[in-house]
1. Return yes when Arg62 is farther than 30 Å from Leu82 by Cα, exposed (fewer than 11 other Cβ atoms within 10 Å of the Cβ) and either charged (D, E, K, R) or out of contact with any strand residue (DSSP E or B) (no Cβ under 6 Å at 6 or more places or on another chain) (or both) and no when it is not.
2. Across the stretch 66-82, which residue is modelled with the lowest pLDDT among those that are out of contact with any helix residue (DSSP H, G or I) (no Cβ under 7 Å at 6 or more places or on another chain) and surrounded by 10 or more Cβ atoms within 10 Å (Cβ to Cβ)?
3. Consider Leu31 against the criteria (1) under 21 Å from the mean Cα position of the chain (by Cα); (2) open to solvent by less than 70 Å² (accessible area, probe 1.4 Å); (3) at pLDDT below 95: it satisfies all of them except one. Which criterion is unmet?
4. Filter the stretch 37-57 for residues that are of a type outside the set (S, T, N, Q) and either at pLDDT below 90 or open to solvent by less than 100 Å² (accessible area, probe 1.4 Å) (or both) and give the result.
5. If the Cβ limit is 9 Å and pairs must be 6+ apart or interchain, which residue in the stretch 44-60 that is within 24 Å of Leu34 (Cβ to Cβ) pairs with which residue that is open to solvent by less than 80 Å² (accessible area, probe 1.4 Å)?
Amino acid sequence: MTAVQLNAEILRNLGTLAEDESMLKRVAKYLRKLVAEKQEDPTLISKEEFFASLDKGEEEYRQGKTHRINSVEELNHFLSSL
């Protein structure tokens, strides 16, 4: 389902609830909660983005574009080089 279709469905359902003020208040409260959750978590990504990131990492590993860090000293050296 596309974003346009989802928006249309949401608006149709809101139209059904338009006469019931208590239901609209519940919907508004829930929407505020969802928006707050989305804004609070900047690391939130979709499943597709997550798996694409894993695929990219695996490909970089196969191509030898990774770093192996075996000690704290190597980690500190790597981080200071960034």
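The values are calculated or read from the model by the stated rules, or taken from the named source; none is laboratory data. Here the structure is a predicted model, which means the values were calculated and not measured. Neighbour counts run over all protein chains shown; Cβ positions are idealised from the backbone, glycine included. We work out accessible area using only protein heavy atoms, side chains counted, and drop any ligands, DNA or RNA first. Shrake-Rupley method; radii C 1.70, N 1.55, O 1.52, S 1.80 Å.
1. Answer is no for this residue.
2. Ranking the candidates gives Phe78 first.
3. Going through (1) under 21 Å from the mean Cα position of the chain (by Cα); (2) open to solvent by less than 70 Å² (accessible area, probe 1.4 Å); (3) at pLDDT below 95 one by one, Leu31 breaks only (2).
4. Answer for the stretch 37-57, where residues must be of a type outside the set (S, T, N, Q) and either at pLDDT below 90 or open to solvent by less than 100 Å² (accessible area, probe 1.4 Å) (or both): Glu37, Lys38, Glu40, Asp41, Pro42, Leu44, Ile45, Phe50, Ala52, Leu54, Asp55, Gly57.
5. Ile45/Ser53
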